[in-house]
């Protein structure tokens, strides 16, 4: 009958080893799931930051478009400082006078009256 006890203890030890292996695998799977959750959190954060950056870039683009659409004359009139330099003309009759507006301040295509 001693053989039966050895068989039972051998069988118990095999079951114990199997249980330990399953517990180890479970622990490793939990670690892997924790790492996956961290990757997901990081990706979510990156996505939020990317969206915020894209929004900021779009706002800057809109501001630049607004500046581009603004007529040149309103910029010259609203900003104090020296007037833009005119290219030298060949005739003294072409020089701007104080009582006549400069060609530089008129929108393109507009002629003198």
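Before moving on, here are some points about what is shown:
- Inter-residue pairs, beta-carbon under 6 Å, first touching a residue at least 12 places away in the same chain (Cβ under 8 Å) and in region 16-34, second assigned to a helix (DSSP H, G or I) and exposed (fewer than 10 other Cβ atoms within 10 Å of the Cβ), 6+ apart: none
- Unique residue being modelled with pLDDT under 70, touching a helix residue (DSSP H, G or I) at 6+ places or on another chain (Cβ under 8 Å) and assigned to a helix (DSSP H, G or I) when the list is 6, 73: 73
The values are calculated or read from the model by the stated rules, or taken from the named source; none is laboratory data. Source: prediction; values computed, not measured. Backbone-built Cβ (ideal geometry, glycine too); neighbour counts: all protein chains shown.
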